[in-house]
Amino acid sequence: MAGMGNAKHLKAGDAEPAPPAKDVLRVYGMEFCPYVERLKLVLAAKDIKHETVNINIQKKPDWFFQKNPRGTVPVIEKNGEILYESDITSEYVDEAYPGRRLRTSDPLQRAKEKIVLGDFMEVVSNYYALVKETDEGKRSFLTAAIKANLGKVENFLGNTPYFCGQRPGFTDYMIWPKLERILLFDPEFIKQNPKIESYCDRIGDDKAVKACRHPNQLLLQYFEGFKAGNPVYDIGTVE
Amino acid sequence: MAAMSNLRHLKRGEVGPPPPAQDVLRVYGMKFCPYVQRLKLVLTAKGIEHETVNINLAKKPKWFLAKNPRGKVPVIEKNGEILYESDITSEYVDEVYPGRRLRTSDPFRRAKEMIALGDFTEGMSGIYGFIQTSNNQKQNTHLIQARKGFAKFDKIMQTNAHRYLCGNQPGMTDYMIWPHLERIGATRPEILALYPAIQVYFGRMGEDDAVKACRHSDGLHRQFIDGYKRRNWVYDLGTVEEYRFVSSTGGKLKSKM
């Protein structure tokens, strides 16, 4: 959890923090955001020191839009340069910082990983639609689509321990945050896929995953607020 | 225009082509698809030989869906391996084939290009939305989105020190953007005229050899898009060529009608 940052979530009306000191990497995040977690996992896996400023994404400060006109997290800032989007920032830090390269080097294998990531993101978008859907017919359709795409993910895993092969890599960290949430909120979907189920156990031992993981109770508490349209960000330990 | 392939678009019920011969790269495409064009631009810019099979996307053959369950083009196939998605396939061929590397090597510059591409895409989604609806209110919403995205992209191009987004030669991100710009130029040039930096970029890209090889005339674009808007998809417009598949035994097969 410390890996996600415990800082209070700044909202509209709160003063803009001073820029980060020279050569310091700052991440603008939100404690429970799975997209921020992607970047945080990469930072943790590579031991990249950084500071965090959390943003209340329901009541964003105006100054935040100056940094990212899209108003989304994560955002990174260093020496006046700014980047955003979880995949762009994660790929950037993986390449710009030393340590184990998380991105798969073989181009064919990397392309296949991106395809399965796309299949998994279909699961995610259908899942979050399902959470809000009341019409039984549409629920049925979404559920079938989720199962079909999880089946593709299951097939991809095959006999390799991680999406990236023998060790967790870039694609594992892009997938894990949302997979963790589906596992927690709707374990039945995962239980139907034994390889995905055992993957979830296995990756739970990863150093970066442990560093960024919230206790289930906290994540559930956040998700209830999120579903009700009233997310509360400053829960758990807040500095 | 020939680089987009004039081959007839195969539809459901038609026999599928034999697999490509050993080491031959095959692209499954559609003559007017901007996403296929992204890949075609990369292949052309790098001089990568390949064959094409065009797919009737309104009546997709089952054998095509077996290759890509998402049912979209482009798809590439070589020695039994299959990949799809325009960005994934483009990045792949850029890396595994020799010739000029189109992907920007500096990680920070490449990240900035990705952000610019996102802004441009926001603009394009607005345009495509605008084109596809006849509801005035929705058209307005789409136009607002289009303007937002293009304003950001125009700003980026204004401060861009180079001739192209990727540097002084067109690169991967330029080729990801171009197909959409070509279509705006063909159908709504007055929108381009609102953004001077984009207009200049549009002219420069038009001089690139790969762009020229893959480009359709404005008239042909309008013809296709008119049908598209009326949900009357006609793919075999302009010159139409027939397949001549080479079997694995070396004899030439004519395609099954």
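The values are calculated or read from the model by the stated rules, or taken from the named source; none is laboratory data. The model shown is predicted, which means the values in this text are computed figures rather than measured ones. A quick note on method: Cβ atoms are made from the backbone with ideal geometry, for glycine too, and the neighbour counts reach across all protein chains shown.
Annotations for the structure displayed:
- Flag if residue B:144 is within 20 Å of the chain's Cα centre (by Cα) and β-branched (Val, Ile, Thr): no
- Residue check for residue B:105: closer than 24 Å to residue A:117 by Cβ and touching a Leu at 6+ places or on another chain (Cβ under 7 Å): no
- Residue B:36 meets each of the listed conditions (1) touching a Leu at 6+ places or on another chain (Cβ under 8 Å); (2) closer than 17 Å to residue B:234 by Cα; (3) buried (at least 22 other Cβ atoms within 10 Å of the Cβ); (4) not small (Gly, Ala, Ser) apart from (1).
- Set side by side, the residues B:73, B:15, B:24 differ, and just one is surrounded by fewer than 18 Cβ atoms within 10 Å (Cβ to Cβ), β-branched (Val, Ile, Thr) and touching a Phe, Trp or Tyr at 6+ places or on another chain (Cβ under 9 Å), which is B:15.
- Being crowded, with 17+ Cβ neighbours inside 10 Å, within 14 Å of chain A (Cβ to nearest Cβ), within 30 Å of residue B:227 (Cβ to Cβ) and not hydroxyl-bearing (Ser, Thr, Tyr) is a description that applies to residue B:83.
- Set side by side, the residues B:41, B:57 differ, and just one is part of a helix (DSSP H, G or I) and away from chain A (no Cβ under 12 Å), which is B:41.
- Note on segment B:191-229: residues that are surrounded by 16 or more Cβ atoms within 10 Å (Cβ to Cβ), in contact (Cβ under 8 Å) with a residue 60 or more places away in the chain and more than 18 Å from the chain's Cα centre (by Cα) total 1.
- Candidates in segment A:67-91 are the residues that are touching a strand residue (DSSP E or B) at 6+ places or on another chain (Cβ under 6 Å) and in a helix (DSSP H, G or I); of these, the one that is farthest from residue A:28 (Cα to Cα) is A:89.
- Filter result for residue A:124 (in contact with a helix residue (DSSP H, G or I) (Cβ under 9 Å, 6 or more places away or on another chain), at pLDDT below 95 and of a type in the set (A, V, I, L, M)): no
- Of the criteria (1) away from chain A (no Cβ under 14 Å); (2) assigned to a loop (DSSP other than H, G, I, E, B), which one residue B:28 fails: (2)
- When segment B:1-10 is filtered for residues that are in a loop (DSSP other than H, G, I, E, B) and surrounded by fewer than 16 Cβ atoms within 10 Å (Cβ to Cβ), only B:1 remains.
- Members of segment B:118-131 that are of a type outside the set (D, E, K, R) and at the interface with chain A (Cβ under 10 Å from one of its Cβ atoms): B:118
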